[in-house]
Each structure stands twice: as C-alpha cells, then as structure tokens.
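Since the structure comes first, as structure tokens, the remarks are kept for the end.
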Amino acid sequence: MSTEINMVVAIVGPGAIGTTVAAVLHEVGHTPLLCGRTPRDHLTLQDGDRLITVPGPIQTNPIQITRTADLVFLAVKSTQIGAAAEWLKVLTGPETVICVLQNGVEQLDRLATYSLSGQIVPSVVWFPAQTQSDGSVRLRGDVRLSLPDTTASRVVAKALQGTRCSVDLAANFSSLAWRKLLQNAVAGLMALTHRRSGMFSRADIARLTLAYLQECLSVARAEGAELGDEVPQEILDKFQAAPADMSTSILTDREAGRPLEWDIRNGVIARRGRVHSIPTPVSDILVPLLAAASDGPG
Ligand SMILES: NC(=O)c1ccc[n+]([C@@H]2O[C@H](COP(=O)([O-])OP(=O)(O)OC[C@H]3O[C@@H](n4cnc5c(N)ncnc54)[C@H](OP(=O)(O)O)[C@@H]3O)[C@@H](O)[C@H]2O)c1
C-alpha cells in the first residue's frame with residue numbers, strides 16, 4: 001500500500017510515540033526524516049509478533065538540515081522542547097505544519113514562545129507505547145490521534161491517510177484534551193508513591209484520587225471543557241480496573257531518575273486554578289512534591 005501524497009515529513013523526537021508514527025508512515029512507503037538526540041541507524045517498532053524497521057540514520061545535528069518540511073511531528077517530552085526547538089527552527093517555514101504529539105493542554109502556548117513561522121496543531125495521543133531495554137519500541141494499543149477540526153489539522157490527517165493511525169478531527173477537542181489531562185494528573189500519584197495501578201484499590205488512595213479529580217474538574221470546566229459530573233468516578237474506575245502492575249510513563253521516568261512532565265500534567269491545574277480563583281488544595285501539596293522529585297535539589 002502506498003500513500004499518494006508527496007509531503008516531506010519529519011519526526012523530531014524518535015522515542016516511543018515518534019517511532020510509532022514513523023513506523024506507520026514507513027509501512028505505507030512514506031518514510032519520514034528522523035531527527036533525534038542519540039545516533040542510531042534505524043528505529044524498530046514491535047507490534048505483537050510484527051517488527052517494523054524504519055531506516056535511518058537518525059539525524060542528530062540540526063545544522064545538517066538543508067530544507068524545510070511540510071509537516072513536522074514533535075514527539076519529544078515537554079521537558080525537552082527547549083533543546084528540540086533548534087530542529088523546529090531549521091525545519092519550519094511559513095507553510096509548515098507542526099503537530100505536537102505530547103500530553104497536556106498547553107501545546108500551543110508552549111511553542112508560541114519560540115516564534116516559529118509554521119502552523120501548530122495540538123493533539124491528544126491515545127495509544128500507549130513503551131521503549132524497551134534494547135531501544136525498540138513496543139506498541140500497546142491501536143494507534144489513534146485526536147486533533148482540533150482545523151485546516152492545519154487536515155494536513156496531518158492527509159499525511160496519515162491510508163496508514164493504520166486513525167485521526168479524529170474533533171469539534172470538542174478541548175474537552176477531550178482536558179479529559180486526558182485529568183487521567184494524566186492522577187497518574188502523578190503513582191510517581192510519588194513509586195507504585196503501579198494496584199495502589200488505587202486502597203480506600204484512602206481512592207478518596208484522595210476523587211478529591212483531586214474534583215479539583216481538576218472544576219479547573220477544566222472553568223477553562224471551557226465540557227465534562228460531566230461522572231468523569232472523576234469513571235477515571236478512578238479505569239485505574240482500579242487496570243492490571244495491578246500497570247505502569248505509566250511518569251512513573252517510568254521517575255524510576256529511571258529522568259525529569260518528570262509534572263508541570264504540564266499537574267502544575268497546570270494549580271496554575272489555571274489561580275487564574276480562575278479556584279482553590280486547589282490537593283495540587284498545592286502534590287505539585288511541589290512532584291517538582292522536587294523531578295528537579296531536586298537534593
Ligand atoms: N509513551 C506513551 O505511551 C505516551 C502516550 C501518550 C502521550 N505521550 C506523550 O508523548 C510525548 C512523548 O513521549 P514518549 O513516551 O514518546 O517520550 P520518549 O520515549 O522519551 O521520546 C522522546 C524522544 O525525544 C528524543 N529527544 C530528546 N531531546 C531531543 C532533542 N533535543 N532533539 C531531538 N530529539 C530529542 C529522545 O531521545 P533519546 O533517545 O536520546 O532520549 C527520545 O527519542 C510526551 O509528552 C508523553 O507524555 C506518551
């Protein structure tokens with residue numbers, strides 16, 4: 001199968017999410033330019049029994065880029081945007097679309113500080129993918145993205161047409177992004193306890209989680225998200241129904257001693273709460289603990 005489009009597509013940040021998107025494009029004969037930090041010859045995606053190898057090499061020096069791309073997928077962690085901005089500067093022109101494959105609800109605001117000339121498309125990334133010890137990436141679900149229903153998003157949808165990444169152009173994008181954020185915010189508790197999903201079967205943790213989610217819901221609604229009263233319990237139910245040993249990327253980062261995406265996943269609730277004069281007593285305790293766990297000192 002081959003896509004009929006002829007766009008230059010680049011992936012900045014060929015990690016778990018970046019490798020997955022690179023592989024679905026490569027499968028249809030549309031291999032993207034790979035821009036990373038660690039030199040490698042190729043990327044490997046493991047999907048069940050299938051191995052998909054995306055040929056490289058991974059470019060590691062933005063100076064070597066001689067032309068702009070039509071579409072850039074930015075898939076670094078939010079803590080890595082500053083360094084990755086060097087790639088965006090050389091890859092983007094006024095017509096370039098930058099699709100941000102990151103968690104959070106502030107993707108536009110964060111990139112706005114770099115004065116890039118392209119058009120930025122935020123996304124909700126719904127699929128889990130995990131880097132293995134050998135550097136390959138294991139895909140753990142159907143590949144699916146939600147994007148706002150805009151002209152720039154249609155460029156992304158067109159590039160992924162015919163691949164097995166389904167793209168939903170959502171009229172209620174902001175509500176979807178906030179719903180995913182609430183889920184991500186709760187996962188921050190796992191980074192603090194160093195425990196997997198089993199911890200949510202404790203009655204005290206379930207109470208704390210619901211109190212935190214109510215706080216998050218108030219802030220999300222003040223930001224315009226349309227989320228019902230049932231959302232906190234639904235999110236807690238999901239964590240409780242998950243296998244007891246299910247991990248989450250913020251816990252994996254904590255276990256590896258890497259910086260945590262605490263600000264876009266948890267700090268945002270307190271920050272946006274302050275803007276709307278909404279008290280955030282749970283965040284006021286959680287956020288400094290997550291920040292210190294991530295960034296020290298000590
Ligand atoms: N993984 C998931 O299941 C999942 C699901 C939903 C949303 N997300 C979100 O998606 C985003 C990406 O997550 P991820 O799990 O894919 O992260 P990741 O596996 O850590 O991938 C990040 C990649 O960016 C590379 N990188 C770091 N600095 C760079 C730079 N200056 N220039 C170019 N590349 C650079 C890293 O290189 P190195 O190899 O050198 O570290 C790595 O390959 C995060 O916001 C995450 O929260 C992840």
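Numbers at a glance
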{"read-out": "Every pair of residues 6+ apart whose Cβ atoms lie under 8 Å, when the first sits in region 97-118 and is more than 9 Å from the ligand (Cβ to nearest atom) while the second is outside any strand (DSSP E or B) and of a type in the set (Lys, Arg)", "value": "TYR114/LYS89; LEU116/LYS89"}
{"read-out": "Test: residue in region 268-277 that is exposed (fewer than 15 other Cβ atoms within 10 Å of the Cβ) and in a loop (DSSP other than H, G, I, E, B)", "value": "yes"}
{"read-out": "Unique residue being under 22 Å from the mean Cα position of the chain (by Cα) and either of a type in the set (Val, Ile, Thr) or surrounded by 14 or more Cβ atoms within 10 Å (Cβ to Cβ) (or both) when the list is ALA256, ALA242", "value": "ALA242"}
{"read-out": "Filter result for GLY141 (surrounded by fewer than 21 Cβ atoms within 10 Å (Cβ to Cβ), within 15 Å of the ligand (Cβ to nearest atom) and outside the structural domain of GLY273 (by TED's automatic domain parsing))", "value": "yes"}
{"read-out": "Odd one out for ALA225 among (1) part of a loop (DSSP other than H, G, I, E, B); (2) farther than 16 Å from ALA185 by Cβ", "value": "(2)"}
{"read-out": "Leading residue by the ranking (surrounded by the fewest Cβ atoms within 10 Å (Cβ to Cβ)) among those in region 11-38 that are near the ligand (Cβ under 9 Å from one of its atoms) and in a loop (DSSP other than H, G, I, E, B)", "value": "THR38"}
{"read-out": "Single residue of VAL72, VAL76, VAL90 found to be touching a residue at least 12 places away in the same chain (Cβ under 8 Å), within 13 Å of the ligand (Cβ to nearest atom) and within 27 Å of SER247 (Cβ to Cβ)", "value": "VAL76"}
{"read-out": "Qualifying positions in region 46-68 - hydrophobic (A, V, I, L, M, F, W, C), under 21 Å from SER166 (Cα atoms) and in contact with a Leu (Cβ under 6 Å, 6 or more places away or on another chain)", "value": "ILE52, VAL54"}
{"read-out": "Test for SER146: is it touching a residue at least 24 places away in the same chain (Cβ under 8 Å) and assigned to a strand (DSSP E or B)", "value": "yes"}
{"read-out": "Residue in region 116-124 that is aliphatic (A, V, I, L, M), within 24 Å of GLY257 (Cα to Cα) and in the same structural domain as THR92 (by TED's automatic domain parsing) present", "value": "no"}
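A quick yes/no check of all residues on (1) closer than 28 Å to ASP237 by Cβ; (2) more than 15 Å from the ligand (Cβ to nearest atom); (3) outside any loop (DSSP other than H, G, I, E, B):
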site	(1), (2), (3)
GLN130	yes, no, yes
ASP134	no, no, no
VAL156	no, yes, yes
LYS180	yes, no, yes
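The values are calculated or read from the model by the stated rules, or taken from the named source; none is laboratory data. This structure is a prediction, so every number in the text was calculated from the model and none was measured. Cβ atoms come from the backbone with ideal geometry, glycine included; neighbour counts cover every protein chain shown.
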